[in-house]
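Accompanying notes for the structure given below.
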């Protein structure tokens, strides 16, 4: 049986890592980017490209994570669900690209919810250390969590085609450019956002003040503190609306002349 008594996760992160630790009755701790400074743990999460920030770990940063896993005998789970959607000048790196062919203590998590817009299918997979995968399969089998056959076949169809992934990545890049220009015209700074489905923006004010500002245009933004205290001066804006809706939102933002 897999058991993690102490879990590490990024200081700005999707809440699932924290919630998973709580459900597993494990202690939990946020950490920065530099894995050489991480304490020992049973499980450490890495998220590149990041949700919510879109930050992409460099190969050197990921090598440090691999070295940490080797040195402390900690399982590292690399959440790579957004790896298919780089910005124009970015190529996200999988943790396995810097592992030197040794996947010991390393797992990578992928989701077709993002890659192929199959959110309702709850379709995902984990790859990596064969010994860990065998334990995960045992847990899933006894917990009755098998993926239904129709969903498995849909996954095969989606994973057999890359064209739709490249098309969606191009849409996100175009939407990002449209919104970023409008946001910068109103004094917002876009941080990171080298990949993924979101813009991570700040104007140096409280995230709730920014949420209120966007609400006057009928635009919903997520306050950054939802992803940890370190995000409390940012908001996350999704690129998942239609091209028409993104264009309308950008026009409303750019046309604003008040405070």
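The values are calculated or read from the model by the stated rules, or taken from the named source; none is laboratory data. As the structure is a prediction and not an experimental result, all values here were calculated from the model. When we count neighbours, we look across all protein chains shown, and the Cβ atoms used for this are built from the backbone with ideal geometry, even at glycine.
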**Message:** Just the residues that are out of contact with any helix residue (DSSP H, G or I) (no Cβ under 7 Å at 6 or more places or on another chain) and over 17 Å from residue 229 (Cα atoms), please, taken from the range 6-33.
**Reply:** 6, 20, 21, 22, 23, 24, 25, 26, 27
**Request:** Please specify each residue of the range 174-195 satisfying the condition of being at pLDDT below 95 and under 20 Å from residue 247 (Cβ atoms).
**Result:** 193
**Request:** Could you please give the count of residues in the range 64-103 that are assigned to a loop (DSSP other than H, G, I, E, B) and in contact with a helix residue (DSSP H, G or I) (Cβ under 9 Å, 6 or more places away or on another chain)?
**Result:** 15
**Prompt:** Going through the range 118-155 one residue at a time, which ones are within 21 Å of residue 94 (Cβ to Cβ) and either in contact (Cβ under 8 Å) with a residue 60 or more places away in the chain or not in a helix (DSSP H, G or I) (or both)?
**Reply:** 118, 123, 124, 125, 126, 127, 128, 129, 132, 136
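Quick grid of which residues meet (1) closer than 15 Å to residue 89 by Cα; (2) in the same structural domain as residue 230 (by TED's automatic domain parsing); (3) in contact with a strand residue (DSSP E or B) (Cβ under 8 Å, 6 or more places away or on another chain); (4) surrounded by 14 or more Cβ atoms within 10 Å (Cβ to Cβ):
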{"position": "168", "(1), (2), (3), (4)": "no, yes, no, yes"}
{"position": "172", "(1), (2), (3), (4)": "yes, yes, no, yes"}
{"position": "201", "(1), (2), (3), (4)": "no, yes, yes, yes"}
{"position": "207", "(1), (2), (3), (4)": "no, yes, yes, yes"}
**Request:** Answer yes or no: is there a residue in the range 230-243 that is farther than 29 Å from residue 11 by Cα and not in a loop (DSSP other than H, G, I, E, B).
**Result:** yes
